[in-house]
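Undergrad: This is the structure, below, for whatever I ask next.
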Amino acid sequence: MSLVAAAVCPHPPLIVPELAGAAAPELDQLRADCDAAVAGLLASGAESIFVVGGDDRDASPDFPFRGTFAPWGLPIEVHLGRLPDRPGTDGLPLSLLVGAWLLGRRQPETPRRISWRMATAAHDATVEECAARGARIGSTRPWGMLVMGDGSACRGPKSPGYDDPRAEAYDEGVARALAGADAQALLDLDPGLSAELMVAGRAPWQVLAGAVRAAGGEWRGELRHHSAPYGVAYLVASWERA
């Protein structure tokens, strides 16, 4: 069956209000826009959701999925799947952990049963490897993607990567690609430049592009959010078949 929809979200740990503390209101709009993108994905008719995020290596965790935000300040437990006695996977990387947290906020509103899958794409994976991985994803049922990734981390002197004059143009290019559901523009992102700008989302975005290219057909996109409040670009988008 075919890919029917996708949602793109960032994964800052501070999106979790308890971790942000008094600063939580600063990301209220980001949180709301991510919730809207995930709600749209869950309402798309997809019966299987594939969550992909970046990490140091390619991996496909076993279901059910569990993790904790303890490394980021509080032992907030997150799980995706209703089989607590099954071994599954503990210790989700941040990208998948935030993805599971976002899905958990909206999942109770979805009456039908959805199956979940997760994978990480290595930060240093080539464009061809990412596209091929996306093309291999499939399901016997209509399926959707939740794609987790931040933009550049070099947006100003207080950013994690300090200030890089190339960062804003890079992020604007990604924003245009997400707004226009332009898979080719995502595949054109340069891995070397992306690494220099500390972009966490390049590989997952290119997995999405590979999946959409393999699925074929016309797509439309909606850019729901683009900001860089802490010197890191956060982009939220929804893609669906036109």
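Undergrad: Identify, please: which residue in region 109-131 is more than 30 Å from Ser227 (Cα to Cα) and either modelled with pLDDT of 95 or more or touching a strand residue (DSSP E or B) at 6+ places or on another chain (Cβ under 8 Å) (or both) and is, among those, surrounded by the fewest Cβ atoms within 10 Å (Cβ to Cβ)?
TA: Per the criteria, the residue is Ser115.
Undergrad: Can you report the number of residues in region 17-56 which are at negative phi and outside any helix (DSSP H, G or I)?
TA: Matching residues across region 17-56 total 13.
Undergrad: Separate question: Of all the residues that make up region 221-234, how many are outside any strand (DSSP E or B) and either aliphatic (A, V, I, L, M) or closer than 17 Å to Ala181 by Cα (or both)?
TA: Qualifying residue count, region 221-234: 3.
Undergrad: Ok, one more. Examine region 198-220 for a residue that is touching an Asp or Glu at 6+ places or on another chain (Cβ under 8 Å), among the hydrophobic types (A, V, I, L, M, F, W, C), at pLDDT 95 or above and part of a loop (DSSP other than H, G, I, E, B), and state whether such a residue exists.
TA: yes
Undergrad: Another question, then. Give all pairs with beta carbons closer than 8 Å in which a residue from region 215-232 that is of a type in the set (Val, Ile, Thr) meets a residue that is crowded, with 18+ Cβ neighbours inside 10 Å and outside any strand (DSSP E or B); count only pairs at least 6 apart in sequence or on separate chains.
TA: Pairs that qualify, where the first residue is of a type in the set (Val, Ile, Thr) and the partner is crowded, with 18+ Cβ neighbours inside 10 Å and outside any strand (DSSP E or B), are Val232/Pro10; Val232/Pro12; Val232/Asp150; Val232/Gly151; Val232/Ser152; Val232/Ala153; Val232/Arg155; Val232/Ser159.
Undergrad: For Tyr162, are the conditions met, namely being hydroxyl-bearing (Ser, Thr, Tyr) and either touching an Asp or Glu at 6+ places or on another chain (Cβ under 8 Å) or outside any helix (DSSP H, G or I) (or both)? First the steps, then the outcome.
TA: Numbers: hydroxyl-bearing (Ser, Thr, Tyr): yes; either touching an Asp or Glu at 6+ places or on another chain (Cβ under 8 Å) or outside any helix (DSSP H, G or I) (or both): yes.
Taking the combined requirement at face value, the residue satisfies it.
Undergrad: Another question, then. In region 128-171, which residue that is among the acidic types (Asp, Glu) and under 29 Å from Ala43 (Cβ atoms) is farthest from the chain's Cα centre (by Cα)?
TA: Here the residue is Asp171.
Undergrad: Can you name the residue in region 208-242 that is small (Gly, Ala, Ser) and out of contact with any strand residue (DSSP E or B) (no Cβ under 9 Å at 6 or more places or on another chain) and is also farthest from Pro160 (Cα to Cα) among such residues? I'd like the intermediate steps shown before the answer.
TA: Residues of region 208-242 that are small (Gly, Ala, Ser), as a first pass: 209-211, 214-217, 221, 227-228, 231, 233, 237-238, 242.
From the residues that got through so far, the ones that are out of contact with any strand residue (DSSP E or B) (no Cβ under 9 Å at 6 or more places or on another chain) too are 209-210, 216, 231.
Details: Ala209: 27, Gly210: 29, Gly216: 38, Gly231: 7 Å.
So the residue we want is Gly216.
Undergrad: Which of the residues spanning region 117-159 are of a type in the set (Val, Ile, Thr) and not in a helix (DSSP H, G or I)?
TA: Thr120, Thr126, Ile137, Thr140, Val147
Undergrad: For Asp190, which of the numbered conditions (1) of a type in the set (D, E, K, R); (2) under 21 Å from Pro93 (Cα atoms); (3) in contact with a Lys or Arg (Cβ under 9 Å, 6 or more places away or on another chain) fails to hold?
TA: (2)
Undergrad: Mind listing just one residue for me: the one in region 192-207 that is of a type in the set (A, V, I, L, M) and out of contact with any strand residue (DSSP E or B) (no Cβ under 8 Å at 6 or more places or on another chain) and, of those, nearest to Thr120 (Cα to Cα)?
TA: Applying the filter and picking the extreme gives Val199.
Undergrad: May I ask you to list the residues in region 1-16 that are of a type in the set (Val, Ile, Thr) and not in a helix (DSSP H, G or I)?
TA: Val4, Val8, Val16
Undergrad: Follow-up. Within region 8-56, track down each residue that is without any contact (Cβ under 8 Å) to a residue 60 or more places away in the chain, surrounded by fewer than 18 Cβ atoms within 10 Å (Cβ to Cβ) and not aliphatic (A, V, I, L, M).
TA: Across region 8-56, the qualifying residues are Pro17, Glu18, Gly21, Pro25, Asp28.
Undergrad: Would you check which residues across region 168-215 are surrounded by fewer than 24 Cβ atoms within 10 Å (Cβ to Cβ), within 23 Å of Asp56 (Cβ to Cβ) and in contact with a Leu (Cβ under 6 Å, 6 or more places away or on another chain) and list them?
TA: Tyr170
The values are calculated or read from the model by the stated rules, or taken from the named source; none is laboratory data. A quick note: this is a predicted structure, and the numbers were derived from the prediction, not measured. As a convention, Cβ positions derive from the backbone with ideal geometry for all residues, glycine included, and neighbour counts pool all protein chains shown.
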